[in-house]
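Nothing in this text is a laboratory measurement; each read-out follows from the coordinates by a stated rule. Note that this is a predicted model, so its numbers are computed, not measured. Positions of Cβ are generated from backbone atoms using ideal geometry, with glycine treated the same way; all protein chains shown enter the neighbour counts.
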Amino acid sequence: MASLFFSTIEVTRQAFYRSSLSYAIVNLKPIVPGHVLVLPTRHVPRLADLSEPELASLMCAVQKVGSVIERVYGADALTVACQDGKAAGQSVPHVHFHLLPRKTAGDRFSGRNNDQIYPALEKAEAEMAQPFKVDADEDRVPRTMDEMEKEATWLKGFFPAEDGQ
């Protein structure tokens, strides 16, 4: 199995879904349980840099991974976000989609706090450039590689072998 990189960061052990042109990884500092990233295998900074087959693979991966994440985390919906370029808040210059399982009731952003997920996502994106920085008042501390690998191994079990596992 070839190593996977999110920009310059090796994420092979965090990967739980793989196709020929895209993959998904668990998040170092998830905003909500089940917050994952879906990326193209080829390192490109912008959506416009992807070929049509890469874009199709990426969107199919977002759909497949999103369906599984929503189901296994008992969510009612997903927030799917992509900051496409530095001016849009992208801090790691590698196209990636955030998938966040959402609940009508019971997640910290449900109800009147629903839109607060966007500032949290913007902050999380900025933190990706400095993944091990932890603010004193930050409740999202980086997880250990063992914790991420355990979640990735668990999630792999929800994808059939033909999906590139």
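Protection proxy ranking for 87-99, 38-50, using the average of other Cβ atoms within 10 Å per residue and placing the highest first: 87-99, 38-50. From least to most packed, judged by other beta carbons within 10 angstrom and beginning with the fewest, Arg13, Arg71, Arg102 follow the order Arg71, Arg13, Arg102. Each Cα pair under 8 Å and six or more residues apart adds its sequence gap; the mean of these over the residue count of the stretch 5-132 is a relative contact order of 25 percent.
The phi-based Karplus calculation (6.51 cos²θ - 1.76 cosθ + 1.60; θ = phi - 60°) puts the 3J(HN,Hα) values of the stretch 83-95 at 8, 9, x, 4, 5, 8, x, 5, 9, 9, x, 9, 3 Hz, whole numbers, x for Gly and Pro.
Evaluating kT/(6 pi eta Rh) at 20 °C and 1.002 mPa s, with the Kirkwood radius of the stretch 5-132 over Cα pairs in the Stokes-Einstein relation, gives 145 µm² s⁻¹.
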